[in-house]
Amino acid sequence: MKQVSQFKNKKVLVLGLARSGEAAARLLAKLGAIVTVNDAKPLEDNSSAKSLLEEGIRVITGHHPLALLDEDFSLIVKNPGIPYANPMVQLAMSKEIPIYTEVELAYLISEAPIVGITGSNGKTTTTTMIEQVLKAAGQSPYLSGNIGFPASEVAQSVSKDDILVMELSSFQLMGIKEFKPHIAVMTNIMPTHLDYHGSFDDYVKAKWAIQKEMTASDFLVLNVNQDLLKTLADTTKAKVVPFSTQEIVDGAYLKEDSLYFRTEKIMSVYQLGVPGLHNVENALATIAVAKLLEVPTQTIVTALSHFSGVKHRLQSVGSIEGISFYNDSKSTNILATKKALSGFNNEKVLLIAGGLDRGNEFDELVEDITGLKVMILIGESAPRMIKAAQLANIPYVQAKDVKDATKIAFNIASNGDTILLSPANASWDMYDNFEVRGDEFIAAFNELKGV
């Protein structure tokens with residue numbers, strides 16, 4: 001890693017732990033900073049805090065004491081999950097203390113060029129696609145960022161011959177100052193996390209920060225299906241490489257049933273290992289990045305053909321007796337389930353859906369579920385989802401949980417059908433999180449298969 005001196009003997013407060021805060025605290029201590037960590041979780045339940053204490057790093061737990069900011073810190077590194085409305089953060093801003101997120105630290109020490117991926121939907125899938133394509137080409141990509149590997153930890157291990165492939169959330173991008181990827185990807189932008197950002201304009205501003213330090217020698221891979229991103233493209237200094245499923249562009253695009261990069265046909269859409277128009281967009285973004293990094297076409301084709309998805313995100317689990325199983329537990333809202341269904345022939349789909357909704361009706365899902373072989377419904381939202389099934393004039397069954405729903409679906413399904421878990425609801429009525437829900441689906445599949 002680069003040996004930077006700007007933190008040496010500086011008082012730095014790491015606000016909030018989790019994996020990224022723990023990584024940032026250790027890195028700052030390694031760089032010679034005088035580190036204080038403050039985390040709201042009590043010490044007795046806080047293994048990260050205990051570990052840092054054992055290493056000689058000062059830790060204050062259980063609350064965020066405002067008086068702590070009287071200690072004249074030069075810098076705060078904030079966990080992305082802590083909102084800017086937090087009183088501690090508000091006071092720090094009033095004192096004009098710089099507030100970073102740990103991806104800024106990763107940029108400052110990384111010897112490797114960065115490919116940064118952001119967007120409202122498709123970040124994780126696109127990030128993973130890019131990593132797998134680069135790996136297939138014999139390059140050395142390292143996953144980091146919002147995908148679950150703290151960027152400031154991974155960046156310590158990379159060399160100039162590697163590539164840091166970094167998934168970036170709007171929360172992380174709000175805390176960057178000098179951060180500059182060599183290639184940035186914007187998958188799309190839609191209203192989300194407005195409770196955190198306050199407005200769609202502020203959310204867009206946070207996302208668009210990914211390119212603010214980029215220059216004409218850098219590349220911005222941009223989804224020009226959206227008018228907003230087309231407009232923003234005129235405001236960046238980076239070289240824009242567009243991708244689109246709607247028009248031919250000077251970048252990556254869908255033409256008839258094939259994916260192209262500029263004038264070169266790369267592959268048929270039917271060769272992609274994952275279904276759905278949204279995954280065509282993810283693949284186009286990946287192709288653009290791969291071509292910019294001089295990956296051979298056949299390598300791209302092979303890697304994308306074998307790509308089976310990211311766990312819980314339209315993940316291909318396998319098949320039994322010609323019946324395919326897809327785990328899309330991450331689809332916690334109607335829009336995500338609509339996108340998942342777009343990749344299948346409804347007549348052969350058995351959809352497992354339901355969970356914790358927000359008191360909403362599911363009328364906007366009616367068009368997308370019309371023609372389904374059957375819906376198997378679970379959770380608190382089942383009564384409202386039954387109304388949607390009735391409006392769509394499709395058969396439905398209720399089940400007690402995902403395991404029960406999977407067995408019911410398998411007993412109904414026949415060769416050539418697809419059993420799709422895509423709940424359109426949060427999981428918290430029955431499961432701790434969507435991962436636990438998806439894991440139950442995978443376990444049910446394995447049980448049915450006799451694994």
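The values are calculated or read from the model by the stated rules, or taken from the named source; none is laboratory data. Keep in mind that what you see is a predicted model, and the values were worked out from it rather than measured. Backbone-built Cβ (ideal geometry, glycine too); neighbour counts: all protein chains shown. Surface areas here come from the heavy atoms of the whole protein model, side chains and all, with no ligands, DNA or RNA. Shrake-Rupley method; radii C 1.70, N 1.55, O 1.52, S 1.80 Å.
Normalised by the residues of region 382-451, what does the relative contact order come to in percent, with Cα pairs under 8 Å and at least six apart? Spell out each step's value before the answer.
On the way: 32 pairs, mean separation 20.8, N = 70.
With pairs under 8 Å counted, the relative contact order is 30 percent.
Per-residue ellipticity at 222 nm computed for the chain from its helices equals -9500 deg cm²/dmol, with DSSP H segments shorter than 4 residues left out and the rest contributing -39,500 (n - 2.57). Using the Cα coordinates of region 294-419, the gyration tensor eigenvalues translate into equivalent-ellipsoid semi-axes of 28, 17, 13 Å, sorted from longest to shortest. A cut-off under 13 angstrom between Cβ atoms defines the neighbours of residue 396, and their net charge, with Lys, Arg +1 and Asp, Glu -1, is +3. Taking the 1.4 Å solvent-accessible surface of region 8-138 as the whole, the part contributed by carbon and sulfur is 51%.
Distance distribution note for region 216-347: the fraction of Cα pairs above 19 angstrom is 54%.
Rolling a 1.4 Å probe across the protein heavy atoms gives the chain an accessible surface of 41 Å² per residue.
Ignoring ligands, DNA and RNA, please state the percent of accessible area on region 305-451 from carbon and sulfur, probe 1.4 Å. Working shown, then result.
Details: 2920 of 6300 Å².
With neighbouring chains kept in place, the figure for region 305-451 is 46 percent.
Relative contact order for region 136-183: 39 percent, from Cα pairs under 8 Å spaced at least 6 residues apart, divided by residue count.
What the phi angles of region 141-157 give under the Karplus curve with 6.51, -1.76 and 1.60, with θ = phi - 60°, is a coupling list of x, 10, 6, 7, x, 5, 7, x, 10, x, 4, 6, 7, 5, 4, 6, 9 Hz, glycine and proline written as x. Which lysines does residue 95 reach when only Cα atoms under 20 Å apart count, and residues fewer than 8 places away in its own chain are ignored? Candidates past the 8-residue exclusion: 10, 11, 78, 177.
For residue 223, the residues whose amide H sits under 5 Å from its own are 186, 243, ignoring neighbours fewer than 5 places away on the same chain, with H placed 1.01 Å from N. For region 1-152, the relative contact order is 24 percent, taking Cα pairs closer than 8 Å that sit 6 or more residues apart in sequence and dividing their mean separation by the residue count. Taken along the Cα-to-beta-carbon direction at a fixed 7 Å, the label points for residue 270 and residue 90 span 5.9 nm. For the residue pairs 265/348; 8/160; 180/339, the C-alpha atoms sit more than 28 angstrom apart in 265/348; 180/339.
Residues in region 425-431 carry Karplus couplings, in order, of 8, 5, 9, 6, 6, 10, 9 Hz; the curve used is 6.51 cos²θ - 1.76 cosθ + 1.60 with θ = phi - 60°, and Gly or Pro positions show x. Relative protection proxy for 223-234, 244-255, from highest mean packing down: 244-255, 223-234 (other beta-carbon atoms within 10 angstrom). Shape index of region 243-309: Rg/Rh, with Rg the Cα radius of gyration and Rh the Kirkwood radius from the inverse mean 1/r over Cα pairs, equals 0.91.
Keeping every protein chain in place, order 370, 125 by accessible area at 1.4 Å, biggest value first, i.e. largest first. All intermediate terms of the calculation are to be shown ahead of the outcome.
Working: 370 70, 125 15 Å².
Accessible-area ranking of 370, 125, largest first: 370, 125.
In order along region 437-444, phi translates into HN-Hα couplings of 4, x, 5, 5, 5, 4, 5, 5 Hz, rounded to whole numbers, per the Karplus curve 6.51 cos²θ - 1.76 cosθ + 1.60 with θ = phi - 60° and x for Gly and Pro.
Using a cut-off of 11 Å between beta-carbons, work out the net charge of the residues near residue 118 (Lys and Arg +1, Asp and Glu -1, residue 118 not included). Intermediate values should be presented prior to the final figure.
Numbers: positive: 123, 207; negative: 167.
After counting each charged neighbour, the total is +1.
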